[in-house]
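The values are calculated or read from the model by the stated rules, or taken from the named source; none is laboratory data. The structure displayed is predicted, hence computed values, not measured ones. Positions of Cβ are generated from backbone atoms using ideal geometry, with glycine treated the same way; all protein chains shown enter the neighbour counts. Accessible surface is based on the protein model in full, side chains and every heavy atom, while ligands, DNA and RNA are left aside. Shrake-Rupley method; radii C 1.70, N 1.55, O 1.52, S 1.80 Å.
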Amino acid sequence: MMDLEGSGLTKQRRTVLQVIRESEEHLTANEVFEDAKRILPGISFATVYNSLRYLKNEGLIGEVRFGTDATRYDRRVTRHDHAICSRCGKLVDLELSIPDGLFKEAARRSKFKAESIEFTLRGLCPECKKRSPE
Ligand SMILES: [Zn+2]
Ligand SMILES: [Zn+2]
């Protein structure tokens, strides 16, 4: 599943990119490392970590961070939102359309020079909801 976009990269960086693109999850650096080792035994954590930083700077992967949790890496690089489970930490992509004017209004109210806006839904994922008594 290698594409042209990743072909100018070193083998290590391509492996890290492949792990992220093939995962349905938003992996942490540790999880990327575990998967990368299966493809490229002998790859070091430092190499994985540096590759993640490189790929992020090149805009080939996204980065998601909530509070003090470990950074997770995202195969989607276009704007999207997330839902996070407050019990098990499951993180999924969420498609929301931003109402016209909301971005400008947020910028105006915060007095920030706005670059991006994201929403996070917090609550129980379907599995945790099933397990919790009504
Ligand atoms: Zn959950
Ligand atoms: Zn995402």
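Ile117 accessible area, nearest 10 Å², 1.4 Å probe?
Here the residue's solvent-accessible area equals roughly 40 Å².
With axes computed from alpha carbons, what is the tilt in degrees of helix 11-22 against the longest principal axis of the chain, rounded to the nearest 10 within 0 to 90?
It works out to around 40 degrees.
How far apart, in nm, are two points set 7 Å out from the Cα along the Cα-to-Cβ line at Arg38 and at Val77?
Label-label distance for Arg38 and Val77, simple model: 2.5 nm.
Spelling out what I want: for every residue of the stretch 63-79, take phi, set θ = phi - 60°, compute 6.51 cos²θ - 1.76 cosθ + 1.60 (Karplus), and round to whole Hz; glycine and proline get x.
Computed from phi, the couplings for the stretch 63-79 are 9, 10, 9, 10, x, 9, 5, 4, 4, 10, 10, 10, 6, 8, 10, 8, 4 Hz.
Angle, helix 45-57 long axis vs. longest principal axis of the chain, Cα atoms, 0 to 90°, nearest 10?
Here the helix axis deviates by roughly 50 degrees.
What accessible area per residue comes out for the chain, rounded to a whole number of Å², with a 1.4 Å probe?
Working: 9330 Å² over 134 residues.
Value for the chain: 70 Å² per residue.
For a label point 7 Å from the Cα of Glu25 along Cα→C-beta, name the residues of the stretch 88-129 whose backbone N is under 19 Å from it.
In the stretch 88-129, the label zone of Glu25 (backbone N under 19 Å from the point 7 Å along Cα→Cβ) covers 88-94, 123-129.
With a cut-off of 8 Å between alpha carbons and a minimum separation of six or more residues, what is the relative contact order of the stretch 12-134 in percent? List each step's numbers first, then the result.
On the way: 144 pairs, mean separation 26.8, N = 123.
Relative contact order of the stretch 12-134: 22 percent.
Once neighbouring chains are kept in place and the probe is 1.4 Å, which whole percent of the accessible area of the chain is contributed by carbon and sulfur?
Result for the chain: 50 percent of the exposed heavy-atom area is carbon or sulfur.
Hey, can you rank 47-53, 104-110, 89-95 by average C-beta count inside 10 Å, highest first? Walk me through the intermediate numbers first.
On the way: 47-53: 19.0, 104-110: 11.0, 89-95: 14.0.
Going from most to least packed, we get 47-53, 89-95, 104-110.
Suppose each label sits 7 Å from its Cα in the direction of the beta carbon; what would the Asp93-Lys113 distance come out to in nanometres?
A separation of 3.0 nm, rounded to one decimal place.
Kindly state, to the nearest 0.05, the FRET efficiency for Glu58 paired with Lys129, given R0 = 30 Å and r defined as their beta-carbon distance.
The formula returns an efficiency of 0.20 here.
Under a 5 Å amide H to amide H cut-off, with H placed in plane at 1.01 Å, what residues pair with Glu63 once short-range neighbours are removed?
Hits under the 5 Å cutoff: Asp74.
Ignoring everything except DSSP H segments at least 4 long, calculate the 222 nm mean residue ellipticity for the chain; use -39,500 (n - 2.57) per segment, divide by total residues, nearest 500.
-11000 deg cm²/dmol
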